[in-house]
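Below is one structure, written out as C-alpha cells; the observations come after it.
The values are calculated or read from the model by the stated rules, or taken from the named source; none is laboratory data. Quick caveat, the model's predicted, so the values are computed rather than measured. A quick note on method: Cβ atoms are made from the backbone with ideal geometry, for glycine too, and the neighbour counts reach across all protein chains shown. The accessibility values were calculated without ligands, DNA or RNA, using every heavy atom of the protein model including side chains. Shrake-Rupley method; radii C 1.70, N 1.55, O 1.52, S 1.80 Å.
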Amino acid sequence: MSRARPTLLLAAVLFALGGGTARALPGDPPVTPLSPAPEATVPTAAAGIPVSYACPLYRTQDFGDGNPRLAGETDYAVLMSASPALDAEGRLANPVARVTGSSTPQDPNTCRALLGSTAVPAPQLTPGTWYWQVSRLCAGCAPPFETGPVQRFRLVTEARPALALPARRYAGFPVIATVQAGAGVPAGTVVDVERRAAGRWVRAGRGTVAAGRARVTTTLPRGSVRARLTVGGQVLTSAERTVAVRSASAPRTAVRAGRWSGGGVTGLRVVGREIRDLRVAVSLLCPTPGLVSAFTTQAATALVPRARIAPDGSFVAVASRSGTATRISGRLVGGTLRDGIAELSQGVCSGTARFTARRR
C-alpha cells in the first residue's frame, strides 16, 4: 500500500469523528487574519471591503519523506457572512461573498483582497454587523481545510441624504420632494419625509430610491422637515430644514377652463381650479427574468380623476387602486401645460412619460 492511502484514510476517519475547526499541519504557521481588526467599524465601499491576511507558503500534504507538497496564496479564500454559524468543515456556513487575494513582491507573505459580491443588494454596501474568515486548502487535513478565527466588523455608510423642495409651497397642496439618497444606497430603499409636530417627527410622505434618488409626494405645513431612511441597520437623516408655506388664497395664475389636448394626453378637462379625468399614455417596462429579453414593454394609461390646481398653476395628483399606483404632475399657465410628468406602476411594471398640453 502506498504511503498516501493510509494518510488519506486517517484524514477521513478524523473528519467523521470530529468536525470542528481544522488546524494547520504541525510546524506550519496558522491561518491569520490581519485587518480589519476584530470589532472594527468599516465604511461601505462599492468596490469591496479591503481585507488583509497572512498568506505564506504552507504544506498542504506531507508524508514525512522530505518532499512535502506546498501551497500558496491562490489556495487561500476569504468568506463574508451575515451570520457567524459554521458548517461541518469549520467555515462560515452561509457566505454571501468569497474572494481570493494576492500578495506583492515587496510583501509576499501578506495578501490583500476586496471583500464583496455583485449580489443585489451588495453586501459591501449594506450597513450592519458582518463576519469574515480566512481558510485555505489542505489535502492532508481533516476536514480538508485549515480555518482562521471568525471575526466581526460593523459596516456603516457615510452617505447622507439631501432633501430638496419646490421653491413654491402652498398650504394644503401636495408637492414632490426630491431626496438624493447618497452613494451606495440600494435601489428600493424606503425613504420617509418627516415633519416636526408636537415635539416629535411624524411621516409626511414615503417613497423608494430609484437611480440614486426618491421623489416623495408630501403636503407640508410651516415648520421643520427632514428626510429619513434606513440602510441595513443604519438610520440616515438629512439636514433639517425650516420651510415656509404660502397661503392657499395667494394671487392665482390664470388657467383657461375647458378641454385640453396634447401629445400622449388622451383626456384632460379644467373646471374652475380643478383638473378632471386626466389621462396620459405611458409605456411600461416589465422585468422578465429567465427569458431571452430581460424586459418587455406594454402600453398603459396613467389616470387620475381629480386634482386641485395650486395658486401658481402647479398640481400633483396621485391615485392608487388594485395594485396600480399613479402620480401625475405639471403646471398650467393660461392655456399651456408645462413640465408634465406621468408616473405609473402596475405590479412589477413601471414607466414614466413626459407630456405637454394646450387648451383646445
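Here are some notes:
Residue-wise test of (1) assigned to a strand (DSSP E or B); (2) among the charged types (D, E, K, R); (3) open to solvent by 50 Å² or more (accessible area, probe 1.4 Å).
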| site | (1), (2), (3) |
| --- | --- |
| Trp132 | yes, no, no |
| Gly140 | no, no, no |
| Phe153 | yes, no, no |
| Arg168 | no, yes, yes |
| Ala177 | yes, no, no |
| Gly182 | no, no, no |
| Ala204 | yes, no, no |
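This table checks each residue for (1) more than 30 Å from Leu337 (Cα to Cα); (2) in contact (Cβ under 8 Å) with a residue 40 or more places away in the chain; (3) small (Gly, Ala, Ser).
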| site | (1), (2), (3) |
| --- | --- |
| Ala177 | no, yes, yes |
| Ala183 | yes, yes, yes |
| Arg195 | yes, no, no |
| Ala210 | no, no, yes |
| Arg213 | no, no, no |
| Thr218 | no, yes, no |
| Gly262 | no, yes, yes |
| Val270 | no, yes, no |
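- Flag for Val235 being among the aliphatic types (A, V, I, L, M), farther than 16 Å from Thr352 by Cα, surrounded by fewer than 18 Cβ atoms within 10 Å (Cβ to Cβ) and without any contact (Cβ under 8 Å) to a residue 60 or more places away in the chain: yes
- Residues that are over 33 Å from the mean Cα position of the chain (by Cα), in a loop (DSSP other than H, G, I, E, B), of a type in the set (Gly, Ala, Ser) and surrounded by 14 or more Cβ atoms within 10 Å (Cβ to Cβ), drawn from segment 56-83: Gly72
- Per-region count, segment 329-360, residues closer than 18 Å to Thr208 by Cβ, among the β-branched types (Val, Ile, Thr) and in contact with a Lys or Arg (Cβ under 9 Å, 6 or more places away or on another chain): 1
- Members of segment 232-252 that are assigned to a strand (DSSP E or B) and touching a Gly at 6+ places or on another chain (Cβ under 8 Å): Gln234, Leu236, Thr242, Val243
- Flag for Thr356 being open to solvent by 40 Å² or more (accessible area, probe 1.4 Å), β-branched (Val, Ile, Thr) and assigned to a strand (DSSP E or B): yes
- Contact map, segment 82-108: residues that are more than 13 Å from Cys55 (Cα to Cα) and touching a residue at least 24 places away in the same chain (Cβ under 8 Å) paired with residues that are open to solvent by 50 Å² or more (accessible area, probe 1.4 Å) and of a type in the set (A, V, I, L, M, F, W, C), Cβ distance under 6 Å, separation 6+ or inter-chain. Pairs shown: Pro84/Val150.
- Given (1) closer than 24 Å to Leu165 by Cα; (2) open to solvent by 40 Å² or more (accessible area, probe 1.4 Å); (3) within 25 Å of the chain's Cα centre (by Cα), index of the condition Arg308 fails: (3)
- Considering segment 185-202, the residues that are in a loop (DSSP other than H, G, I, E, B) and aliphatic (A, V, I, L, M) include one that is nearest to Gln234 (Cα to Cα), namely Val185.
- Residue selection: Arg331 satisfies the criterion of being touching a strand residue (DSSP E or B) at 6+ places or on another chain (Cβ under 9 Å), modelled with pLDDT of 95 or more and open to solvent by 10 Å² or more (accessible area, probe 1.4 Å).
- Checking each residue of segment 89-98 against the condition of being aliphatic (A, V, I, L, M), loosely packed, with under 14 Cβ neighbours inside 10 Å and under 29 Å from Ala210 (Cβ atoms) gives no match.
- Looking across segment 333-353, the residues that are part of a strand (DSSP E or B), of a type outside the set (A, V, I, L, M, F, W, C) and farther than 21 Å from Arg259 by Cα come down to Glu343, Ser345, Gln346, Ser350, Gly351, Thr352.
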